[in-house]
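Just below is one structure, and these are the notes that go with it.
Here, each number is a calculation from the coordinates, and none is a lab measurement. Bear in mind the structure is a predicted one, so any value in this text is a computation, not a measurement. All Cβ positions, glycine included, derive from the backbone under ideal geometry; neighbour counts span all protein chains shown.
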Amino acid sequence: MRPLTEDETKIFFEKLANYIGGNIQLLIDRPDGMYCFRLHRDRVYYVSEEIMRKATSVARDNLMSLGTCFGKFTKSGKFRLQVTALEFLAPYAKFKVWVKPNAEQSYLYGNHVLKSGLGRITEDTPRYQGVVVYSMNDIPLGFGVAAYSTQDCRKLDPTGYHCFPPSRCRRVSS
């Protein structure tokens, strides 16, 4: 368990900023204590400083995990968020998408959200922006990247396209 290097911190915070913007500071300086990000076996953990200090007495080989896993660094140096970070990303998300009840299960099984399954979307969501996906009951389901801006979504055929960028769209129905 060690602090993130400068390069790792930059990559990690760029990924977080794509979803929560400048609210990263709210994750670190919380009213219930100080929290930090630590790297252990290519995974980034979000942990309170009190627990982190206590964990230093455990050998690295014996330490399985610590705190909440936010994601992992790939072999190529990229960072991938994991769904375990959703609980912390959802309250601070800048852009949100609400999915209709009939499209929830399809999304949870890994399919893209069609326009017909889109309940609401935050105004002025730019293209390729990180969004948090909610059910219509405001329960966070996951996160992803908006393939279209809010204005482009209004122009789409409701069932004709998957939510991919237009150059890679494929027709669902003819």
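Quick notes on this structure:
- Computed over the range 1-148: relative contact order in percent, which uses C-alpha pairs under 8 Å that are six or more apart: 19
- Under 20 Å from the Cα of Lys54 - aspartates and glutamates, other chains or at least 8 residues apart: Asp29, Asp32
- Backbone N within the range 59-93 under 13 Å of label point (7 Å from Thr5 Cα along the Cβ vector): 76-78
- For the range 2-66: relative contact order, % (alpha-carbon pairs under 8 angstrom, 6 or more apart): 25
- Annotation for the range 23-100: trypsin sites (Lys or Arg not before Pro) lying in DSSP loop with at most 14 further Cβ atoms inside 10 Å of their Cβ are Arg41, Arg60, Lys75, Lys78.
- Neighbour net charge for Ala55 - beta-carbon separation under 12 angstrom, K R +1, D E -1: +3
- Here the extension length gained between Tyr128 and Glu87 equals 12.6 nm, from 0.36 nm per residue of separation less the Cα-Cα distance.
- Distance from the Cα centroid of the range 9-30 to that of the range 55-133 is 13 Å (rounded to whole angstrom).
- Multiplying the residue separation of Met64 and Ile51 by 0.36 nm and subtracting their alpha-carbon distance yields 3.3 nm.
- Over the chain: helical MRE at 222 nm, DSSP H runs n ≥ 4 each giving -39500 (n - 2.57), nearest 500: -6500 deg cm²/dmol
- Taking 0.36 nm per residue of sequence separation and removing the Cα-Cα distance, the Arg30/Arg120 pair yields an extension gain of 29.4 nm.
- Ordering of 104-114, 13-23 by packing is 13-23, 104-114, highest average first (other Cβ atoms within 10 Å, averaged per residue).
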